[in-house]
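Data first, discussion second: the structure below is written as structure tokens.
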């Protein structure tokens, strides 16, 4: 007799998918997103919304897990149609069970599945099951790299690392943004401005502290979520950060006018408006590089 965990893992291997146009990554990718939401503490209520954050996470996985597909990612499809697999039920805003994908706004997880997701061991097994069942080759390798999963190197479908290319650089940037922006809850660390659109796009950048061009790694502790303006000012050394994450501004190097809330100089000496959880806080080594690079 199967345990509840084994039963749900079996369901993950046998998702009801439309394969009329080849592989169908929509449902597997959304399941990866849901596992992430649970891990970040955003599924305690057993519900999740079809909103900008969900779309951003889904699109980030899509950029790595749907290579070669001409169709655009649409999170509404798996959000609604996964109801046939029993993992969750989609509802409209007024609480009625959704009758169409465009009306589905809130999903309520099956209580038994929610209980399984609360177990880190189950989440690890679920991710591995999804990758091994629904993906192969370089796509599987890319997703495993993003998730930090060490799949068996003997797997013949996993290719040897290839030299960096423009496409590889785009994948790397996608992985970097995927880790950094959610770590700051899609909020500019300098200004506190939060923005993520319904379609998953955002005005925020994942900014390197130790620049990638000068050897900085694409890891969350070398990143800040910043608005376009804050990013531009940071990369050009008009401001930096102390090890205790207080803003340092080169007061004598520029002139500015406008709304005080938008100006950089008043932020001198103040703490960042948005801090990530402790495990994602900027590494002092990278902060020291930025200060030295720009003469602080």
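Every number in this text was worked out from the coordinates using simple rules, so none of it is lab data. Owing to the predicted nature of the structure, the values given are computational and were not obtained by experimental measurement. Virtual Cβ from ideal backbone geometry, glycine too; neighbours counted across all protein chains shown.
Checked against (1) within 28 Å of the chain's Cα centre (by Cα); (2) surrounded by fewer than 13 Cβ atoms within 10 Å (Cβ to Cβ); (3) without any contact (Cβ under 8 Å) to a residue 60 or more places away in the chain, residue 277 passes all but condition (3). Checking each residue in the stretch 133-154 for being within 21 Å of the chain's Cα centre (by Cα) and in a helix (DSSP H, G or I) picks out 134, 138, 139, 140, 141, 142, 143, 144, 145, 146, 147. Looking across the stretch 131-145, just one residue is surrounded by 20 or more Cβ atoms within 10 Å (Cβ to Cβ) and out of contact with any helix residue (DSSP H, G or I) (no Cβ under 7 Å at 6 or more places or on another chain), and that is 141. Restricting attention to the stretch 186-220, the residues being on the phi > 0 side of the Ramachandran plot and surrounded by 14 or more Cβ atoms within 10 Å (Cβ to Cβ) number 2.
Residues of the stretch 79-96 that are farther than 14 Å from residue 49 by Cα, part of a loop (DSSP other than H, G, I, E, B) and more than 22 Å from the chain's Cα centre (by Cα): 86, 96. In this structure, does residue 102 turn out to be without any contact (Cβ under 8 Å) to a residue 60 or more places away in the chain, more than 17 Å from residue 35 (Cβ to Cβ), out of contact with any strand residue (DSSP E or B) (no Cβ under 9 Å at 6 or more places or on another chain) and not in a loop (DSSP other than H, G, I, E, B)? Criteria met by residue 102.
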